[in-house]
1. If you line up the long axis of helix 167-176 against the longest principal axis of the chain, both from Cα atoms, how many degrees apart are they, to the nearest 10?
2. When the Karplus curve 6.51 cos²θ - 1.76 cosθ + 1.60 is applied with θ = phi - 60°, which whole-Hz ³J(HN,Hα) does each residue of the stretch 21-36 get, with x for Gly and Pro?
3. Based on the mean of other Cβ atoms within 10 Å per residue, sort peptides 31-40, 93-102, 166-175 so the most packed one is first.
4. On a 0 to 90 degree scale, rounded to 10, what angle separates helix 112-124 from the longest Cα axis of the chain?
5. Sticking with the crude label model, points 7 Å out along Cα→Cβ, report the distance from Thr107 to Arg141 in nm, one decimal please.
6. Residue by residue through the stretch 144-161, which ³J(HN,Hα) values in whole Hz follow from phi under the Karplus form 6.51 cos²θ - 1.76 cosθ + 1.60 (θ = phi - 60°), with glycine and proline marked x?
7. With a Cα-only, solvent-free Debye model of the stretch 32-180, what are the log10 I(q)/I(0) values at q = 0.13 Å⁻¹?
8. Could you check the spin-label model distance between Lys235 and Arg65? Points 7 Å from the Cα along Cα→Cβ, value in nm.
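Each value in this text was obtained by applying a stated rule to the coordinates, not by laboratory testing. Keep in mind it's a predicted model, so treat the numbers as computed, not measured. With ideal geometry, Cβ positions are generated from the backbone for all residues, glycine too; neighbour counts draw on all protein chains shown.
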Amino acid sequence: MDNPLVLGGREFRSRLIVGTGKYSSNEIMRDAIEASGAEIVTVAVRRVSLPGSGQSILDVVDPKRYTLLPNTAGCYTADEAVRTAYLAREAGLGDLVKLEVIGDTRTLFPDVQGLLEATKTLAREGFTVLPYANDDPVLARRLQDAGAAAVMPLGAPIGSGLGIRNPYNIKIILEGVTVPVIVDAGVGTASDAAVAMELGCDGVLMNTAIAGSKDPVAMATAMRLAVEAGRLAFKAGRIPKKLYATASSPLEGVPDWAP
């Protein structure tokens, strides 16, 4: 039995976190989320309507079944991100928040200074902060020191599908922090998710890789299996890499005349 993923004192069996954007229909989104086995589902705060103001994402994603992770997507300053997190809490979405402070419109890379500032503020105000960050080991430690409940380094730019471009930075991050490490952004297919878990990451967060695929429900199933397989492989412990071959069958005791 594996240990659960713990975020903000809450335990989760699934280590796959999925988003709710970019689906062609709400029905496909609902089926894909179910197929993923995810227990945590991210929602953009702007898609959560107030009562009486029209259809909300909460009409499709049951908050009694899933833990909702509101995100501050589209925020370009620390103040804007903090204000959005407060709105999410006031809307009844709780204290768990995926923090995004974007610094560049083309790459959607995080604004490091704004991210640290917002993390400190929200952690001080009782939020469980999961910041989307660059794959920078120094930044990861500083986010942890600022009160982040986990660090979420990108594998590659958001929506790029490039997979983990710098696994060595991810490994250094894993060595340098004690909070959970969840790869966020850049996953394109199941093998990318497996790589993240085989590195020792505690989880993977994705949206476009599932929603943008030709068959989101099938891809969600593949991602669930990949995360489970990658986690199991990490815990099993891979063999060392070697430059030269090592015989699979032992040679001891084999007669010299044997072919």
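1. Long axis of 167-176 versus the principal axis of the chain: about 70 degrees.
2. x, 6, 6, 6, 7, 5, 5, 5, 4, 4, 5, 5, 4, 5, 5, 5
3. 93-102, 31-40, 166-175
4. It works out to around 70 degrees.
5. 2.2 nm
6. 4, 5, 6, x, 5, 7, 7, 10, 10, x, 6, x, 6, x, 3, x, 7, x
7. -0.60
8. My value for the distance between the label points is 2.6 nm.
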